[in-house]
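These notes are about the structure you will find just below.
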Amino acid sequence: MDIILLLIRIFLFAVFAVAGIGKLLDLQGSEKAVKDFGAPPDLAKTLAIALPFAEIVFAVCLLFVGTSWLGAVGALILLLTFIGGMIMQMAQGNAPDCHCFGQIHSEPVGVKSLIRNVVIAVLALVLVAQGWNNQGLGFGELPNDIAAQLFTGLAAVALLGAAVFYLKTISEQQTQIMRRIEVIELISHDSGKQVEREEAENPHEGLPIGAPFPDFELADINGKIVTFEHLLGKSKPVLFFFVSPNCAPCKALLPEFESWQNELQDKIQFVYVSNGKPEENLEKLSGEGFKQILLQKDRELADEVKARWTPTALLVNADGAIASHPAVGDAGIRALIEMIKRENFNDDLLFVTNGTPTKIGESVPEFSLPDLSGKQVTAADFQGRRTLVAFWSMTCPFCVSMMEDLRDWDAARNSDEPDLIVFSTGEPEAHEELNLKSPILLDDEFKTAEKFGMSGTPSAVLVDEKGRIVSETAVGANNIWALIGKRK
């Protein structure tokens, strides 16, 4: 039994020493992991340093019989804290990076990492249960030949670990270099030529968050027809990647596509939208893992959602509403993935932004304004029906130019389409001539409209049946129509 206890101490020493050193080598990642587990931001930096320091101290204590019990108690407390934090995050539907071994190895919280910590905790509990005076053999009590073999083995393991870490670092650096070379080669093909792309919109613009993703029917690489309704039937958000078999940056991102898909596949559907022939896509994009690749005839779906560049990623929530801005290029996609990892997937208003202020999720502000007939409209009138809230001005030429279409839609809209309320300023007589069926509220200086998130005129937001704002502010006629699924 004494030799078994010694082996347990050595194993725990190795685990905690590697974990502590790995975290110290990546303090920035350690701080992020601590925040992701719910630590107050003000304490995150301190905890990111204190945690690996404690792990190293407990590791050293485990080496010596006289201090092993203290080391085992400390290790067990840390492990139980880790396990509790993991269970809490998994119960909330989150999968933060555990950062268990810092720069050396890390993975998202899941069943695998939870089981690993439970097994290690059981070993620490064995030492604690043995008591202070029964921690197994000390190194000085081992016969010389066994001690020599043991230290030789430990040295070999340490050298092997160092070699694996070094090779892993070199491999990652080579991967990054190859990706950059592929991008440079792609750019160099057009060297010496100035390419005009007037048809390409700003890659950071797209349909407003909260707008419905357009319906589609596309064949996959096996010829099976896939519809958007079919994807929504799985009740999971969809992360669309717009790619191309001739896109070198897309190919360079393949290993990361597969890593993200393995990490998040329980929470998100990954769908790749490409074009060209099936065999081209299989050759260039299939990689090692399964991918659902849908093929456009040209770029019809990409153009509808303004994904004019490859690679571009776009998140759609489980209700079919757009939940992010288009993320363009490798850096933009990586940033979007990191934001997605931090999201609570139990929230029925899943959306991510790049830091742009938004009113999404807020309740309609309390107000009371008369419409043109004198009837008072309040926040309570937004309950029970979806509503398009439009912000208008009689002196805005862009408002005037879309008025006829708005009036036609207002007169003909069916029960499945949202109600309409318009906030505007000016004289009542001028607004009466617009002949809208829906109420127009004259809002002096847009004091109430600004609380809805108004951003100039014409603009609009969408409010759901619960009286919550569920879109960002859509600016301009095309984006306003997009909020209600109309393509102009």
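Taken over segment 394-443, the alpha-carbon convex hull comes to 75 cubic angstrom per residue. What does a probe at residue 81 reach in segment 50-70, counting residues whose amide N is under 14 Å from the point 7 Å along Cα→Cβ? Taking a point 7 Å out along Cα→Cβ of residue 81, the residues of segment 50-70 whose backbone N falls under 14 Å are 50-59. Summary of the geometry: segment 14-72 and segment 411-488, compared by the centres of their Cα atoms, lie 54 Å apart. The protection proxy used here, the mean number of other Cβ atoms lying within 10 Å of each residue, ranks peptides 273-286, 36-49, 238-251 as follows, highest first: 238-251, 273-286, 36-49. Over segment 293-378, what is the relative contact order in whole percent, taking alpha-carbon pairs under 8 Å and six or more residues apart? RCO, segment 293-378: 18 percent. DSSP finds beta bridges in segment 217-341, and of those with both partners inside it, around 60 percent are antiparallel. What FRET efficiency would be calculated for the residue pair residue 437, residue 353, taking the C-beta separation as r and a Förster radius of 41 Å, to the nearest 0.05? Once the sixth-power term is evaluated, E becomes 0.75. Residues of segment 250-282 falling in the label zone of residue 235, defined by backbone nitrogen less than 16 Å from a point 7 Å along Cα to beta-carbon, are 266-269. Stretching the chain fully between residue 122 and residue 266 yields a gain of 49.0 nm (0.36 nm per residue, less the alpha carbon separation).
Peptides 426-438, 290-302, 392-404 ranked from most to least packed by the mean count of surrounding Cβ atoms within 10 Å: 290-302, 392-404, 426-438. Among the listed pairs 112/224; 32/236; 224/277; 35/359; 236/341; 224/297, which have their C-alpha atoms separated by more than 23 angstrom in this model? Going by Cα-Cα distance, 112/224; 32/236; 35/359 fall outside the 23 Å limit. For segment 470-488, the residues whose backbone nitrogen is under 19 Å from a point 7 Å from the Cα of residue 416, taken along Cα to Cβ, are 481-488. Between residue 430 and residue 279, the distance separating the two model label sites (each 7 Å from Cα on the Cα→Cβ line) works out to 6.6 nm. The alpha carbon radius of gyration of segment 19-101, expressed as a multiple of 2.2 N^0.38 Å, is 1.13. A Cβ-based charge dipole, computed about the Cα centre of segment 217-341 with Lys and Arg at +1 and Asp and Glu at -1, lands at about 120 debye. Relative contact order, whole percent, for segment 217-341 stands at 32, derived from Cα pairs under 8 Å and 6 or more residues apart. Note on segment 2-142: dipole from Cβ charges, positive end direction compared against 90, 109, 40; the farthest Cα belongs to 90. Each residue of segment 283-289 is assigned a 3J(HN,Hα), and the resulting list reads 5, 9, 10, 5, x, 9, x Hz, derived from the Karplus form 6.51 cos²θ - 1.76 cosθ + 1.60 (θ = phi - 60°), x at Gly and Pro. Shown here is the pair-distance distribution of segment 368-483: with all Cα-Cα distances grouped in 5 Å bins from zero up to the longest one, the shares run 2, 12, 24, 27, 23, 10, 1 percent. Just the number, please: percent antiparallel of the DSSP beta bridges in segment 368-483, rounded to the nearest 5. The antiparallel fraction comes to roughly 60 percent.
Readers should treat all values here as calculations from the given coordinates under stated rules, not as data from a laboratory. Here the structure is a predicted model, which is why all the values come from computation and not from measurement. So basically every Cβ, Gly included, is an ideal-geometry build from the backbone, and we count neighbours across all protein chains shown.
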